[in-house]
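Participant: Please see the structure below; I have some questions.
The values are calculated or read from the model by the stated rules, or taken from the named source; none is laboratory data. Every value quoted in this text rests on a predicted model; they were computed, and no experiment measured them. Please note: Cβ atoms are built from the backbone with ideal geometry, for glycine as well, and neighbour counts cover all protein chains shown. What goes into the accessible areas is simple: the full protein's heavy atoms, side chains included, and nothing from ligands, DNA or RNA. Shrake-Rupley method; radii C 1.70, N 1.55, O 1.52, S 1.80 Å.
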Amino acid sequence: MPEPLLEVKNLRTEFPTREGVVHAVNGISYTVMPGEAVGIVGESGCGKSISALSVLNLVPVPGRIVGGEVLFEGQDLLKYSDDEIRKVRGNDISMIFQDPMTSLNPVLSILRQMTEPLVIHKGMDMAAAERRSVEMMEMVEIPFARTRIREYPHNFSGGMRQRVMIAMMLACEPKLVICDEPTTALDVTIQAQILDLLNRLRQDLGMAVIMITHDLGIVAGLCDRINVMYAGYIVEKAGTEELFANPRHPYTLGLLRSIPRVDQSIRQKLVPIEGFPPDLTRVGDSCPFQPRCVYAVERSEEENPPLTLVGEEHWVACWVNVYEGKEQSDG
Amino acid sequence: MAETSIAELAGTLTRKEGWGEVLLDVKDLQVYFPIRRGLIFERTLGHVHAVDGISFNVKRGETLGLVGESGCGKTTTGRAVLQLQKPTGGHVFYEGKDLVTLDPNELRRYRRDLQIIFQDPFASLDPRMTVGAIIAEPLEIHHLLTPKEREEKVRELLRIVGLNPYFVNRYPHEFSGGQRQRIGVARALILDPEFIVCDEPISALDVSIQAQLINLLEELQDQLGLTYLFIAHDLAVVRHISTRVAVMYVGKIVELADRADLYDLPLHPYTKALLSAVPVPDPTVEKRRSRIIMQGDVPNPANPPSGCRFHTRCPFAKPECSEAEPPLEEVQPSHYVACFFWKEIAERVAPPLSVN
């Protein structure tokens with residue numbers, strides 16, 4: 001059994017605010033094996049981005065990590081000093097953000113921004129760093145890389161900027177890439193280009209990927225395993241095929257039933273999840289999904305269910321077996 | 001709760017007569033935006049051809065989906081149909097009357113029948129007005145009903161869109177995105193319109209909330225006999241809600257067909273590529289389907305490519321494609337496509353959503 005590359009254990013992140021403490025991440029645990037693609041799926045405000053930022057100790061103020069461990073190759077990143085974690089960021093672990101416009105510096109040329117990590121982390125001289133950067137730009141299929149590298153972010157389209165981001169993050173050959181909604185700001189045909197590129201690079205270079213998204217379609221095509229998050233908890237985790245074939249958490253089921261599919265004409269109405277996501281300042285003892293859940297039982301109100309093993313590598317946090325006495329086919 | 005009150009209203013509001021007749025007929029619509037430079041002497045350097053001569057119609061009681069990537073002109077089309085953006089050329093016939101030629105006073109009368117639901121539920125509601133005032137504002141502008149009647153109607157509409165009538169005195173910031181969008185729907189409905197432009201009404205909402213709004217729009221259509229022009233970039237949602245679908249690319253309609261035809265047997269290479277790019281939430285389908293990955297970006301509408309605008313990205317392009325512009329032609333019953341080689345391509349390439 002190979003060692004996991006990343007092991008997140010019982011991670012908890014909070015934001016003290018005037019309205020009370022926002023419990024953004026409430027003790028989540030997951031692993032990423034070398035070369036594996038792991039999806040984290042959930043809606044806005046479910047804590048998926050914050051959980052990823054916590055991995056690199058990048059939680060914005062006033063947020064703070066209040067518990068747990070983030071073991072990267074066995075070392076707890078949360079115990080690292082600022083200098084030590086800086087050697088990991090952009091080097092062993094890279095991150096791609098949603099908006100390629102705000103994550104590039106508009107007043108520095110692409111060349112300057114791309115060579116920076118190579119000079120800092122790898123100790124290259126400028127000439128070598130430039131050669132490597134051009135190579136990376138060519139790898140992500142940016143035409144005329146040699147001349148375009150001297151241009152500025154505004155000279156690039158959204159899709160091209162995201163390619164630049166990917167080239168940048170690849171330059172140091174990271175072992176793990178965290179993608180936070182990398183294609184949400186892009187058009188669907190450009191999204192297909194970027195996902196296709198990420199997938200090929202992952203296979204060619206053997207990097208592990210954490211894909212954070214709200215789009216179940218993206219994780220279905222890209223990921224080996226999926227974690228579904230709701231209100232700061234992982235409520236279900238399973239292999240991709242198992243999760244889509246046998247969704248067990250009422251929230252996962254609800255999501256799958258509520259989205260129309262481009263490859264099917266659904267004659268009947270969509271089944272929405274009623275209500276709206278909970279206020280994360282008020283986390284009680286009950287199951288966080290209980291107020292919106294059609295399967296909720298009395299116990300859901302009293303006790304938050306822990307993640308329980310229900311199948312091969314399939315964990316779910318629910319007191320109810322949603323298929324008991326119900327037709328399995330409607331999932 | 002919402003359903004019963006809609007049913008109650010249905011008796012007074014349903015307009016089922018004239019079902020399927022052409023309600024809105026758009027002919028050769030053009031919207032150009034000038035590109036201006038210079039501080040003192042402003043010069044026009046060129047034009048962004050946002051909408052460049054498109055024609056389509058919308059039949060009473062149907063939903064026409066309008067899809068395309070950002071910058072293709074779909075939102076501008078919606079605004080030009082409602083005369084919120086003065087068209088550069090072309091005609092918009094509503095019940096036979098050309099809205100483009102109407103003077104402002106006449107137009108205001110028609111505005112009661114044609115309404116819009118905007119994309120961003122955060123930017124489209126005035127933060128300093130109460131929900132009641134926002135929803136009642138169209139009545140005030142059109143001098144309809146007494147204040148007391150208005151209040152009653154606002155409460156009724158809040159109930160119809162699934163909000164608590166008790167919310168009338170609250171402000172938009174107290175609501176979530178989904179609830180705000182319901183407020184936007186209530187505002188659009190208060191004048192009893194016949195035709196509503198839905199401009200990306202759900203794309204700012206979370207996945208679990210989107211379905212609630214889609215269902216609401218469908219219920220309202222059934223009960224009130226509404227006609228929709230549904231503008232969206234999400235092809236799955238458009239498939240779900242539309243009767244017919246038009247696909248736009250850089251200011252032109254490249255394909256228009258009944259929903260089932262367009263999704264099962266798309267003929268234009270752009271539609272094919274677009275459909276093949278949409279991820280499907282099913283790993284077995286994802287593994288087996290083949291993707292057409294288009295090269296490059298959407299061209300700049302200020303300087304559109306010559307001939308067929310898609311030829312720069314089209315995997316099937318031939319020299320002819322850059323010379324002449326293919327017209328939008330009816331190639332099969334009520335299936336329109338603008339491509340010289342659609343037949344050849346259809347014989348060579350399997351439909352993008354088929355799983356083999």
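Participant: Filter the range B:250-270 for residues that are touching a residue at least 60 places away in the same chain (Cβ under 8 Å), more than 14 Å from the chain's Cα centre (by Cα) and within 14 Å of B:PRO326 (Cβ to Cβ) and give the result.
Facilitator: Listed by number, the residues that qualify are B:VAL250, B:LYS252, B:VAL254, B:GLU255, B:LEU267, B:HIS268, B:PRO269.
Participant: Follow-up. Does the range A:243-251 include one or more residues that are at the interface with another protein chain (Cβ under 7 Å from one of its Cβ atoms) and of a type in the set (Lys, Arg)? Don't jump to the end; show me each part of the working.
Facilitator: Within the range A:243-251, the first condition is being at the interface with another protein chain (Cβ under 7 Å from one of its Cβ atoms), and the residues that meet it are A:244.
Applying the additional criterion that residues be of a type in the set (Lys, Arg) yields none.
No; the residues of the range A:243-251 include none that is at the interface with another protein chain (Cβ under 7 Å from one of its Cβ atoms) and of a type in the set (Lys, Arg).
Participant: While we're here: Confirm whether A:VAL66 is β-branched (Val, Ile, Thr), surrounded by fewer than 20 Cβ atoms within 10 Å (Cβ to Cβ), in a strand (DSSP E or B) and not assigned by TED's automatic domain parsing to the domain that holds A:PHE289. Write out each step before concluding.
Facilitator: On the way: β-branched (Val, Ile, Thr): yes; surrounded by fewer than 20 Cβ atoms within 10 Å (Cβ to Cβ): yes; in a strand (DSSP E or B): yes; not assigned by TED's automatic domain parsing to the domain that holds A:PHE289: yes.
Judged against the criteria, A:VAL66 is a match.
Participant: If a residue must be assigned to a loop (DSSP other than H, G, I, E, B), open to solvent by 20 Å² or more (accessible area, probe 1.4 Å) and either more than 8 Å from every other protein chain (Cβ to nearest Cβ) or under 17 Å from A:LYS269 (Cβ atoms) (or both), how many such residues does the range B:195-213 contain? It would help to see each step written out before you state the result.
Facilitator: So the first thing to find is which residues in the range B:195-213 are assigned to a loop (DSSP other than H, G, I, E, B), and the list is B:200-206.
Those left that are additionally open to solvent by 20 Å² or more (accessible area, probe 1.4 Å): B:203-204, B:206.
Okay, now just the ones that are also either more than 8 Å from every other protein chain (Cβ to nearest Cβ) or under 17 Å from A:LYS269 (Cβ atoms) (or both), so B:203-204.
Going through the range B:195-213 one residue at a time, the tally reaches 2.
Participant: Looking only at the range B:3-41, which residues are open to solvent by 30 Å² or more (accessible area, probe 1.4 Å), on the phi < 0 side of the Ramachandran plot, at pLDDT 80 or above and of a type outside the set (Phe, Trp, Tyr)?
Facilitator: Within the range B:3-41, B:GLU21, B:VAL22, B:ASP25, B:LYS27, B:GLN30, B:PRO34, B:ILE35, B:ARG36, B:ARG37 meet the criteria.
Participant: When you scan the range A:216-233, do you find a residue that is within 12 Å of chain B (Cβ to nearest Cβ), of a type in the set (Phe, Trp, Tyr) and either over 16 Å from the mean Cα position of the chain (by Cα) or surrounded by fewer than 22 Cβ atoms within 10 Å (Cβ to Cβ) (or both), even just one?
Facilitator: no
Participant: Could you check B:GLN115 against (1) open to solvent by less than 90 Å² (accessible area, probe 1.4 Å); (2) under 18 Å from B:PRO165 (Cα atoms); (3) not acidic (Asp, Glu); (4) not in a loop (DSSP other than H, G, I, E, B) and say which number it fails?
Facilitator: Unmet for B:GLN115, out of (1) open to solvent by less than 90 Å² (accessible area, probe 1.4 Å); (2) under 18 Å from B:PRO165 (Cα atoms); (3) not acidic (Asp, Glu); (4) not in a loop (DSSP other than H, G, I, E, B): (2).
Participant: Which of the following residues is touching a residue at least 24 places away in the same chain (Cβ under 8 Å), assigned to a helix (DSSP H, G or I) and not aromatic (Phe, Trp, Tyr): B:GLY78, B:GLY90, B:GLY53, B:GLY61?
Facilitator: Details: B:GLY90 fails: assigned to a helix (DSSP H, G or I); B:GLY53 fails: assigned to a helix (DSSP H, G or I); B:GLY61 fails: assigned to a helix (DSSP H, G or I).
Criteria check complete, one pass: B:GLY78.
Participant: For residues in the range A:236-253 being in contact with a Pro (Cβ under 8 Å, 6 or more places away or on another chain) and farther than 16 Å from A:THR213 by Cβ, which is least open to solvent (accessible area, probe 1.4 Å)? Give the steps one after another, and end with the answer.
Facilitator: Looking only at the range A:236-253, we keep the residues that are in contact with a Pro (Cβ under 8 Å, 6 or more places away or on another chain), and these are A:236, A:240-241, A:244, A:253.
So of that shortlist, the ones also farther than 16 Å from A:THR213 by Cβ come out as A:241, A:253.
Working: A:GLU241: 94, A:LEU253: 2 Å².
Per the stated criteria, the residue is A:LEU253.
Participant: Which members of the range B:214-244 meet the condition of being surrounded by fewer than 22 Cβ atoms within 10 Å (Cβ to Cβ), over 24 Å from B:ALA80 (Cβ atoms) and either at pLDDT 95 or above or not aliphatic (A, V, I, L, M) (or both)?
Facilitator: Scanning the range B:214-244 gives B:ASN215, B:GLU218, B:GLU219, B:ASP222, B:GLN223, B:GLY225.
Participant: Name every residue in the range A:138-172 that is open to solvent by 30 Å² or more (accessible area, probe 1.4 Å) and outside any helix (DSSP H, G or I), in order of residue number.
Facilitator: Result: A:GLU141, A:PRO143, A:PHE144, A:ARG150, A:GLU151, A:TYR152, A:SER157.
So that you can scan it fast, the table gives a plain yes or no per residue for (1) part of a helix (DSSP H, G or I); (2) of a type outside the set (S, T, N, Q); (3) surrounded by fewer than 21 Cβ atoms within 10 Å (Cβ to Cβ):
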{"residue": "B:LEU144", "(1), (2), (3)": "no, yes, yes"}
{"residue": "B:GLU152", "(1), (2), (3)": "yes, yes, yes"}
{"residue": "B:LEU157", "(1), (2), (3)": "yes, yes, no"}
{"residue": "B:LEU163", "(1), (2), (3)": "no, yes, no"}
{"residue": "B:ASP192", "(1), (2), (3)": "no, yes, yes"}
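Participant: For B:ARG239, all conditions in the list (1) more than 8 Å from chain A (Cβ to nearest Cβ); (2) assigned to a helix (DSSP H, G or I); (3) in contact with a Phe, Trp or Tyr (Cβ under 8 Å, 6 or more places away or on another chain) hold save one; what is the number of the exception?
Facilitator: Single failed check for B:ARG239: (1).
Participant: What tally of residues in the range A:267-290 results from selecting those that are within 13 Å of chain B (Cβ to nearest Cβ), without any contact (Cβ under 8 Å) to a residue 24 or more places away in the chain and closer than 19 Å to A:CYS46 by Cβ? Step through it out loud before you land on a result.
Facilitator: If we filter the range A:267-290 for residues that are within 13 Å of chain B (Cβ to nearest Cβ), which is where we start, we get A:267-279, A:289.
Filter once more, keeping what is without any contact (Cβ under 8 Å) to a residue 24 or more places away in the chain: A:267-276, A:279.
Now restrict to residues that are closer than 19 Å to A:CYS46 by Cβ: A:272-276, A:279.
Within the range A:267-290, residues that are within 13 Å of chain B (Cβ to nearest Cβ), without any contact (Cβ under 8 Å) to a residue 24 or more places away in the chain and closer than 19 Å to A:CYS46 by Cβ number 6.
Participant: Something else about it: Going by the structure shown, is B:TYR249 within 12 Å of chain A (Cβ to nearest Cβ), aromatic (Phe, Trp, Tyr) and closer than 15 Å to B:CYS72 by Cβ? I'd like the intermediate steps shown before the answer.
Facilitator: Numbers: within 12 Å of chain A (Cβ to nearest Cβ): yes; aromatic (Phe, Trp, Tyr): yes; closer than 15 Å to B:CYS72 by Cβ: yes.
Considered against the rule, which asks whether it is within 12 Å of chain A (Cβ to nearest Cβ), aromatic (Phe, Trp, Tyr) and closer than 15 Å to B:CYS72 by Cβ, B:TYR249 comes out as yes.
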